[in-house]
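**Q** Here's a structure for you.
The values are calculated or read from the model by the stated rules, or taken from the named source; none is laboratory data. From a predicted model like this one, the values you see are computed outputs, not experimental measurements. Heads up, the Cβs are rebuilt from the backbone with ideal geometry, glycines too, and the neighbour counts pull from every protein chain shown.
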Amino acid sequence: MRSIFKMIFAITVMAGLIACNEDEDGQLSPVVAQFQGDVSIAENSGANKIALVFNKAAVQNGQALIEVSSDFEEAFYLDTEVVDGKITLEIEEGDTAAFIVVTPVDDMKLEDSKTLTLSINELSEGFLMGQVKDIEITILDDEAPARISFSEGLVEIKENSTGGRVILLTMPTPAPAPGKVTIEFDQSIENLVASDLTFTDGIAEIDIPFGARQVTFFVGGVDNTLLQGHKSVGLTITKVEGALQIGDLNTMNLKVLDDELIGKPKSYETAGGGWFYSKVYEYDEKGRVEKIHWEQRTPGTSRGTQTITYDEQGNLLRITDYENSYEVFTYENGRIVKSENIKNDVVKSYNLYDYDEAGNLGGMASFYLQPNGVYLKSLVFIYLNYSDGNIYKKLVYSVGEANGEEELTLISTETFRSYHNKANPFPAFNVIPTIVSQSKLPGGYLFEDSEKIYHYDFTYVFNLDGMPTSRRVTGSSNEVTYYYYY
């Protein structure tokens, strides 16, 4: 029996010794250290902790030597100093992980993603490398292409402007990388110059530097003495390169204002009592009226265009209403003395003109073709003028015959009693288009015929330049006229 107890005691002691050895072995087994796999971080994410994890708490202090490998050292910061391409991580007893803090540099540039590799190079005694010895950290670029647009949709410059205009292209965010924008001009303009860009065959290229939020180029007018009219050219952003996208306002209309045309009468519209009449004027290079587009509603609508032709000396030569219908003018001693209205090569009527001692138009006699081929004098007009050349009175006579002699019968008169001391840009009382009978604005007129006397009073509204923008007629009529300028 005693031997059995001795055996049991021996077994118990042996089991205790074995248990003690196992506990000591567990405490002294190495701590396995490894990374947790590759990660991606945003360029603008700030500080990021990269963990070197242990399979159990560290039983002693130690160190981990980590190799740092990257072609983009400027793209990140580490919280631990790198020496000879390696960093040293301090491990304290009880730690379950050691950390490397990686902070990307948010450089505002549009670039490809960058990579950083950390590799376990060496561990101190008591630590063992696990299976994942390397970790690749991808730094994702957070910049998007900048959207580039014109700053405004319409720009006007004067042909004779000394400073021209700066055209502005804007981006709501800085350009994250260098780029280039291509602008196409839909037509060439002879009196337009551009600078600060590369311009070839209607296509301009502008370089966009990194970080720019706007770029500019200059356009200016080339002054000349010709009236060529206002010109418009469309600019379109057709292509971008680099870190750019085409923005919402990708077109702009550039209007070059001809200084020879600015302020010239463009058109007028007059209406009253159910009728409407308008004229629009076009000019040639020398500033003379070249075309007149007219429209009339009474109430039916009719419209047409008169084309005015001049000779080499600038004298009025012909007014064409439409094909095979025109009026030609004859000169003597530098004055128009006759005009003929021709249709289909037949002179339907003609006018003879006379002048007063001051050189103003003083009279006109109208002759009309009769069925028998004879031209009959039908009307005679007498014009009386103030000393400044503005018409004072117009008298209209019918022509008859009494006792074999010509007899004139007064039909009507128009009397212009006063004038404003303002230039008249739209003289409506021109018997001959190139002879101005009312250089000043009339204050109204009195019309008399055999039945009644009619009073017409004019009231004007002027713009800041002193030019009339409207005229209202009161008295025996109620009408309004609006004036427009180039």
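**Q** Taking the condition of being more than 23 Å from THR434 (Cα to Cα), outside any strand (DSSP E or B) and out of contact with any Pro (no Cβ under 9 Å at 6 or more places or on another chain), how many residues in the stretch 268-317 meet it?
**A** 4
**Q** So TYR483 ticks every box in (1) closer than 21 Å to LYS279 by Cα; (2) surrounded by fewer than 14 Cβ atoms within 10 Å (Cβ to Cβ); (3) not polar (S, T, N, Q) but one. Which box is left unticked?
**A** (2)
**Q** Can we say LEU352 is closer than 30 Å to VAL399 by Cα and in contact (Cβ under 8 Å) with a residue 40 or more places away in the chain?
**A** Values: closer than 30 Å to VAL399 by Cα: yes; in contact (Cβ under 8 Å) with a residue 40 or more places away in the chain: no.
Here the answer is no, as LEU352 does not meet what is asked.
**Q** A further question on this structure: For THR12, which of the numbered conditions (1) touching a Leu at 6+ places or on another chain (Cβ under 8 Å); (2) among the polar types (S, T, N, Q); (3) modelled with pLDDT under 90 fails to hold?
**A** It is condition (1) that THR12 fails.
**Q** When the stretch 231-249 is examined, which residues are found to be within 9 Å of the chain's Cα centre (by Cα) and in a loop (DSSP other than H, G, I, E, B)? Step through it out loud before you land on a result.
**A** Just the residues of the stretch 231-249 that are within 9 Å of the chain's Cα centre (by Cα), to begin with: 234-235, 249.
Hit for the stretch 231-249 is LEU249, nothing else.
**Q** Within the stretch 343-355, can one find any residue that is over 19 Å from LEU410 (Cα atoms), assigned to a strand (DSSP E or B), of a type in the set (D, E, K, R) and under 56 Å from the mean Cα position of the chain (by Cα)?
**A** yes
**Q** Only one residue in ALA146, ALA177, ALA97 is crowded, with 18+ Cβ neighbours inside 10 Å, aliphatic (A, V, I, L, M) and more than 23 Å from the chain's Cα centre (by Cα). Which one? Let's see the steps before the verdict.
**A** Values: ALA146 fails: more than 23 Å from the chain's Cα centre (by Cα); ALA97 fails: crowded, with 18+ Cβ neighbours inside 10 Å.
It is ALA177.
**Q** Being over 14 Å from PHE150 (Cα atoms) and among the aliphatic types (A, V, I, L, M) is the filter; apply it to the stretch 220-241 and report the residue that is modelled with the highest pLDDT. Before the answer, list the steps.
**A** Here is the first cut: in the stretch 220-241, the ones over 14 Å from PHE150 (Cα atoms) are 220-233, 241.
After this cut, where a residue has to be among the aliphatic types (A, V, I, L, M) as well, the list is 222, 226-227, 233.
Working: VAL222: 78, LEU226: 81, LEU227: 83, VAL233: 90.
Checked the stretch 220-241; the qualifying residue modelled with the highest pLDDT is VAL233.
**Q** Sticking with this one: Give all pairs with beta carbons closer than 7 Å in which a residue from the stretch 47-65 that is free of Cβ contacts under 8 Å to residues at least 40 places away in the same chain meets a residue that is of a type outside the set (D, E, K, R) and loosely packed, with under 15 Cβ neighbours inside 10 Å; count only pairs at least 6 apart in sequence or on separate chains.
**A** Listed by first residue and then by second, the contacts come to ALA57/GLY94; ALA57/THR96.
**Q** Those residues that are under 18 Å from TYR392 (Cβ atoms) and either loosely packed, with under 14 Cβ neighbours inside 10 Å or not β-branched (Val, Ile, Thr) (or both), I need them from the stretch 355-380; list them, please. Talk me through it step by step, then tell me what you get.
**A** Keep residues of the stretch 355-380 that are under 18 Å from TYR392 (Cβ atoms), which gives 355-364, 380.
Residues satisfying the conditions are TYR355, ASP356, GLU357, ALA358, GLY359, ASN360, LEU361, GLY362, GLY363, MET364.
**Q** For the structure I just gave you, tell me whether ALA58 is touching a Leu at 6+ places or on another chain (Cβ under 7 Å), among the small types (Gly, Ala, Ser) and surrounded by 19 or more Cβ atoms within 10 Å (Cβ to Cβ). Steps first, please.
**A** On the way: touching a Leu at 6+ places or on another chain (Cβ under 7 Å): no; among the small types (Gly, Ala, Ser): yes; surrounded by 19 or more Cβ atoms within 10 Å (Cβ to Cβ): yes.
Answer is no for this residue.
**Q** Just to be sure I understand the filter: pairs with C-beta atoms under 6 Å, separated by 6 or more residues or on different chains, first member in the stretch 216-230 and on the phi > 0 side of the Ramachandran plot, second member modelled with pLDDT of 80 or more. Which pairs pass?
**A** Note: pairs meeting the criteria are GLY229/ASP258; GLY229/LEU261.
**Q** LYS231: within 30 Å of SER476 (Cβ to Cβ), among the basic types (Lys, Arg), surrounded by 15 or more Cβ atoms within 10 Å (Cβ to Cβ) and out of contact with any Ser or Thr (no Cβ under 9 Å at 6 or more places or on another chain), yes or no? Give the derivation first.
**A** Numbers: within 30 Å of SER476 (Cβ to Cβ): no; among the basic types (Lys, Arg): yes; surrounded by 15 or more Cβ atoms within 10 Å (Cβ to Cβ): yes; out of contact with any Ser or Thr (no Cβ under 9 Å at 6 or more places or on another chain): yes.
Spelling it out, it is not the case that LYS231 is within 30 Å of SER476 (Cβ to Cβ), among the basic types (Lys, Arg), surrounded by 15 or more Cβ atoms within 10 Å (Cβ to Cβ) and out of contact with any Ser or Thr (no Cβ under 9 Å at 6 or more places or on another chain).
**Q** Another question, if that's okay. Could you figure out which of (1) free of Cβ contacts under 8 Å to residues at least 40 places away in the same chain; (2) at positive phi; (3) surrounded by 13 or more Cβ atoms within 10 Å (Cβ to Cβ) isn't true of ASP201?
**A** (3)
**Q** Do any strands (runs of 3 or more DSSP E) entirely within the stretch 37-109 hold 1 or more residues that are within 28 Å of LEU128 (Cβ to Cβ) and touching a Phe, Trp or Tyr at 6+ places or on another chain (Cβ under 8 Å), and if so, which? Let's see the steps before the verdict.
**A** On the way: elements: 39-42, 48-54, 62-69, 76-78, 86-91, 97-104.
Answer list for the stretch 37-109: 48-54, 62-69, 86-91, 97-104.
**Q** Is it true that GLU143 is touching a residue at least 40 places away in the same chain (Cβ under 8 Å), closer than 17 Å to PHE218 by Cα and part of a loop (DSSP other than H, G, I, E, B)? Don't jump to the end; show me each part of the working.
**A** On the way: touching a residue at least 40 places away in the same chain (Cβ under 8 Å): yes; closer than 17 Å to PHE218 by Cα: no; part of a loop (DSSP other than H, G, I, E, B): yes.
No: the conditions fail for GLU143.
**Q** If you go through the stretch 120-159 one residue at a time, how many are out of contact with any Ser or Thr (no Cβ under 7 Å at 6 or more places or on another chain) and hydroxyl-bearing (Ser, Thr, Tyr)?
**A** 1
**Q** Taking into account only those residues within the stretch 400-431 that are among the small types (Gly, Ala, Ser) and closer than 30 Å to TYR281 by Cα, which is modelled with the lowest pLDDT?
**A** Taking the stretch 400-431 first, the residues among the small types (Gly, Ala, Ser) are 400, 402, 404, 412, 418, 423, 428.
Those left that are additionally closer than 30 Å to TYR281 by Cα: 418, 423, 428.
Values: SER418: 96, ALA423: 95, ALA428: 84.
Checking each candidate, the answer is ALA428.
**Q** Can you tell me how many residues in the stretch 318-342 are in contact (Cβ under 8 Å) with a residue 40 or more places away in the chain and outside any strand (DSSP E or B)?
**A** Number of matching residues: 0.
**Q** So which residues in the stretch 331-351 are touching a Phe, Trp or Tyr at 6+ places or on another chain (Cβ under 9 Å) and of a type outside the set (A, V, I, L, M)? Write out each step before concluding.
**A** Taking the stretch 331-351 as the starting set, the residues that turn out to be touching a Phe, Trp or Tyr at 6+ places or on another chain (Cβ under 9 Å) are 335-343, 347-351.
Of everything in the stretch 331-351, those that are touching a Phe, Trp or Tyr at 6+ places or on another chain (Cβ under 9 Å) and of a type outside the set (A, V, I, L, M) turn out to be ARG335, LYS338, SER339, GLU340, ASN341, LYS343, LYS348, SER349, TYR350, ASN351.
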